[in-house]
Amino acid sequence: MPDQARDIAGWKDRLRAGGPSNGRRRVVAAMSGGVDSSLAAALLVEAGHEVVGVSMRLCPAQPGTRWSGTCCSAHDLRDAAAVARRLGIPHHVLDLTSRFQATVLANFVAEYAGGRTPLPCAHCNADLKFAALVDATDRLGASWIATGHYARVTRDGAGGVHLWRGADARKDQAYFLFALTARQLSRAMFPIGGMTKGEVRREAQARGFEVADKPDSQEICFVPDGDYADVLDRYLPGDRSGFLADASGRILGRHHGVHRFTVGQRKGLGLATGEPLYVLRIDAERKLVTVGPREALERDWLTASRVNWVAGVEPSFPFRADVQIRSRHAAAPADIALAGPGRVRVDFLSSQAAVTPGQAAVIYRGDEVLGGGWID
């Protein structure tokens, strides 16, 4: 598609110039206190837009140092406010702690308790952050929403919206944005989507931002030390112990809760069998975790539900595309067929390891995100 190829080639220049439309615009810039969102806001100000900074308080403050690795902490909010002052723009804080608990955290706990492995960042983006930003944008009389995501968005001549991978393959975040609706994306701007992380840090340093060297936040902001099982234990009281067994049903050991496991997991099984074993299946109702050799993880197909199509319309089935089943997994060619309302079946051309219920199956055509759903 030549026109789309030209769109991609011109990303960096056009986004630095302010986005898809010429002229001064009022833009709500989501500011997390990190280097990415800080530079995104700065580029918009320098392009002459009227920028309003908005930060979101999502979860209670976590213990730790200034660079604790959490997202939207009290330190992060102060950093965002400092950058806004430096840029000379207003800054507002949205208190979304209750909504965060009721949506993102509740889903996180329920999914693990049900033997699934959730993807909280994708849920947070679509169900909380962008929903709240659209509301804030309407209240503030703004036209656009800008974030520091490493992703790109284009509009075609017919008014359609297209989501693309970020230019920096190592930092690309389009996978986590697949659940955004066409309405949300139609107002989205990703000013640094055409830049690499190194370029972002250099540009932030050139502007004298104190956050220029701030480490990236971890993926799960409410698990600051990486021990998600400890967080889950607080919400899942009582005896949740069960058994680990091989594929034939032979009991190999006991466990302290299915929420401590995910498909494909090797470490932390508490088994001494003399051979490496991996989690193959999790049966939450029976409290049974089935383990086996790595080759038993291979799957040729999956189904995904609650599918979202970025363009807002369902494509013609069946069709072939690339499907990515984890954020750090290479997309693989597959045939996609309709399997019911809001549900698809994905048949891979070659088997894939550790297809994990609860994770996202994101569908691409080249670098364009067509949509995706939640793996059954």
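Okay, residues lined up against (1) of a type outside the set (Val, Ile, Thr); (2) over 20 Å from Ser217 (Cβ atoms); (3) within 17 Å of the chain's Cα centre (by Cα):
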{"residue": "Asn125", "(1), (2), (3)": "yes, no, yes"}
{"residue": "Ala142", "(1), (2), (3)": "yes, yes, no"}
{"residue": "Tyr150", "(1), (2), (3)": "yes, no, yes"}
{"residue": "Trp164", "(1), (2), (3)": "yes, yes, yes"}
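Tell me, please, whether a residue that is in a strand (DSSP E or B), closer than 20 Å to Pro357 by Cα and either without any contact (Cβ under 8 Å) to a residue 40 or more places away in the chain or among the small types (Gly, Ala, Ser) (or both) can be found in region 270-278.
Within region 270-278, none of the residues are in a strand (DSSP E or B), closer than 20 Å to Pro357 by Cα and either without any contact (Cβ under 8 Å) to a residue 40 or more places away in the chain or among the small types (Gly, Ala, Ser) (or both).
Kindly indicate the residue of region 152-169 that is among the basic types (Lys, Arg) and crowded, with 20+ Cβ neighbours inside 10 Å and also farthest from Arg343 (Cα to Cα) among those meeting that condition.
Arg152
Restricted to region 95-116, and to residues that are free of Cβ contacts under 8 Å to residues at least 60 places away in the same chain and more than 20 Å from the chain's Cα centre (by Cα), which residue is surrounded by the fewest Cβ atoms within 10 Å (Cβ to Cβ)?
Top of the filtered list is Ser98.
With (1) in contact (Cβ under 8 Å) with a residue 24 or more places away in the chain; (2) in a strand (DSSP E or B); (3) closer than 30 Å to Arg345 by Cα as the list, and Phe243 as the residue in question, which single condition is left unmet?
The failed condition is (3).
Before we move on, is Arg306 within 22 Å of the chain's Cα centre (by Cα), part of a strand (DSSP E or B) and basic (Lys, Arg)?
yes
Hey, could you check region 325-349 for residues that are in contact (Cβ under 8 Å) with a residue 40 or more places away in the chain and within 23 Å of Leu280 (Cβ to Cβ) and say which is surrounded by the fewest Cβ atoms within 10 Å (Cβ to Cβ)? Give the derivation first.
Let us first name the residues in region 325-349 that are in contact (Cβ under 8 Å) with a residue 40 or more places away in the chain, namely 325, 327, 343-348.
Next, only the ones that are within 23 Å of Leu280 (Cβ to Cβ) stay: 325, 327, 345-348.
Details: Ile325: 26, Ser327: 16, Arg345: 18, Val346: 25, Asp347: 14, Phe348: 18.
My answer is Asp347.
Looking at region 98-121, is at least one residue of a type in the set (Phe, Trp, Tyr) and in contact with a Cys (Cβ under 8 Å, 6 or more places away or on another chain)?
There is at least one residue in region 98-121 that is of a type in the set (Phe, Trp, Tyr) and in contact with a Cys (Cβ under 8 Å, 6 or more places away or on another chain).
If Pro191 passes every condition in (1) in contact (Cβ under 8 Å) with a residue 24 or more places away in the chain; (2) part of a helix (DSSP H, G or I) but one, which one does it miss?
(2)
Can you confirm whether region 323-336 contains a residue that is at positive phi and among the small types (Gly, Ala, Ser)?
Taking every residue of region 323-336 in turn, none turns out to be at positive phi and among the small types (Gly, Ala, Ser).
Being surrounded by 17 or more Cβ atoms within 10 Å (Cβ to Cβ), more than 15 Å from the chain's Cα centre (by Cα) and assigned to a loop (DSSP other than H, G, I, E, B): is that true of Asp172 here?
no
Out of everything in region 359-374 that is part of a strand (DSSP E or B) and more than 15 Å from the chain's Cα centre (by Cα), what residue ends up being nearest to Gly166 (Cα to Cα)?
Glu368
When you look at Gln205, is it touching a Cys at 6+ places or on another chain (Cβ under 9 Å), free of Cβ contacts under 8 Å to residues at least 60 places away in the same chain and assigned by TED's automatic domain parsing to the domain that holds Ala29, yes or no?
Against the criterion (touching a Cys at 6+ places or on another chain (Cβ under 9 Å), free of Cβ contacts under 8 Å to residues at least 60 places away in the same chain and assigned by TED's automatic domain parsing to the domain that holds Ala29), Gln205 does not qualify.
Could you run through region 316-358 and say how many residues are assigned to a strand (DSSP E or B) and of a type outside the set (Lys, Arg)?
23
Quick check: anything in region 135-144 part of a strand (DSSP E or B) and either in contact with a Leu (Cβ under 8 Å, 6 or more places away or on another chain) or outside the structural domain of Gly257 (by TED's automatic domain parsing) (or both)?
Yes - at least one qualifying residue is present in region 135-144.
Report, by residue number, each residue of region 291-302 that is outside any helix (DSSP H, G or I) and surrounded by fewer than 18 Cβ atoms within 10 Å (Cβ to Cβ).
Going through region 291-302, the residues outside any helix (DSSP H, G or I) turn out to be 291-293, 298-302.
If the condition is that a residue be outside any helix (DSSP H, G or I) and surrounded by fewer than 18 Cβ atoms within 10 Å (Cβ to Cβ), then Gly292, Pro293, Glu298, Arg299, Asp300, Trp301 are the ones that fit.
The conditions are (1) under 15 Å from the mean Cα position of the chain (by Cα); (2) surrounded by fewer than 23 Cβ atoms within 10 Å (Cβ to Cβ), and Val134 fails exactly one of them. Which is it?
So the condition that Val134 fails would be (1).
The values are calculated or read from the model by the stated rules, or taken from the named source; none is laboratory data. Only a predicted model underlies this, so the values are computations on that prediction, with no experimental measurement involved. Here Cβ is always computed from backbone atoms with ideal geometry, including for glycine, and neighbour counts include all displayed protein chains.
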